Amino acid sequence: MADLKDEVKREKLPDTRRSVTHKAVIHSENKRIKFFFTVGFYPEEEVEGGGLKVEGKNRPGEVFLHMDESGSTLDGFADSWAIAISLCLQRGEPLAELVKKFSYQEFEPKGMTENPEIPFARSPVDYVVRWMARHCGKVEGEEGKVEGGGLKVEEKKEGENGNNKN
């Protein structure tokens, strides 16, 4: 059994940090589902000479996800998933890996959105990670960067879902 003292160090965010809150809507088959998520960022790291370290810009360290139906099973799942993602980010898991793993995960609610950048979401999880890929800056050591610092998300073909088992 592994010694718990040898676990990967967690890089907590400072008490005061920059964040962005985004409202999203999925028009599922049955109804309109509204949810909000907040992404908290590590501070921009300064380098000698007063410049900014580009790799540190918009580096996410936490995610909060709140579904419109407070107290529902989906809201409980969303909160738990966001905590797990936050812990992964704080222990150094690259955003690109999380995007690769969770993009196009398909479950209800799924449907058209009100965001032209992400016109169709296969689930709230799919929406959140694809939004983060577009808006959370460059990630050190990752390939597949697109202009503007977002991460490239490969579109899955119809009938192919992102339900990765590993």
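The values are calculated or read from the model by the stated rules, or taken from the named source; none is laboratory data. Everything numeric in this text was worked out from a predicted model, so none of it was measured. As a convention, Cβ positions derive from the backbone with ideal geometry for all residues, glycine included, and neighbour counts pool all protein chains shown.
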Discussion item. Against the definition (at pLDDT 95 or above and exposed (fewer than 14 other Cβ atoms within 10 Å of the Cβ)), how does ARG130 come out, yes or no?
Written reply: no
Discussion item. For segment 75-100, give me each residue that is surrounded by 18 or more Cβ atoms within 10 Å (Cβ to Cβ), over 10 Å from the mean Cα position of the chain (by Cα) and of a type outside the set (D, E, K, R).
Written reply: ALA78, GLN90
Response to the item:
Within segment 46-62, the count of residues that are at pLDDT below 65, of a type in the set (Asp, Glu) and either closer than 19 Å to GLN90 by Cα or part of a strand (DSSP E or B) (or both) comes to 2
Discussion item. Between a residue in segment 68-84 that is aromatic (Phe, Trp, Tyr) and any residue that is surrounded by 14 or more Cβ atoms within 10 Å (Cβ to Cβ) and not in a helix (DSSP H, G or I), which pairs come within a Cβ distance under 7 Å, given they are 6 or more apart or on different chains?
Written reply: TRP81/LEU65
Discussion item. If I filter segment 19-26 for residues that are at pLDDT 95 or above and basic (Lys, Arg), do I get at least one hit?
Written reply: yes
Discussion item. Name the residue that is nearest to VAL128 (Cα to Cα), counting only residues in segment 33-45 that are among the charged types (D, E, K, R) and modelled with pLDDT under 95.
Written reply: GLU44
Discussion item. Could you list, ordered by first residue, the pairs with Cβ atoms under 9 Å in which the first is in segment 21-40 and over 12 Å from TYR127 (Cβ atoms) and free of Cβ contacts under 8 Å to residues at least 60 places away in the same chain and the second is β-branched (Val, Ile, Thr) and loosely packed, with under 12 Cβ neighbours inside 10 Å, at least 6 apart or interchain?
Written reply: THR38/THR21
Worksheet item: If you go through segment 106-123 one residue at a time, do you hit one that is at pLDDT 95 or above, of a type in the set (Ser, Thr, Tyr) and closer than 14 Å to SER28 by Cα?
Response: yes
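Please count how many residues of segment 63-92 are assigned to a loop (DSSP other than H, G, I, E, B) and either at pLDDT below 95 or within 28 Å of LYS31 (Cα to Cα) (or both).
So the count comes out to 6.
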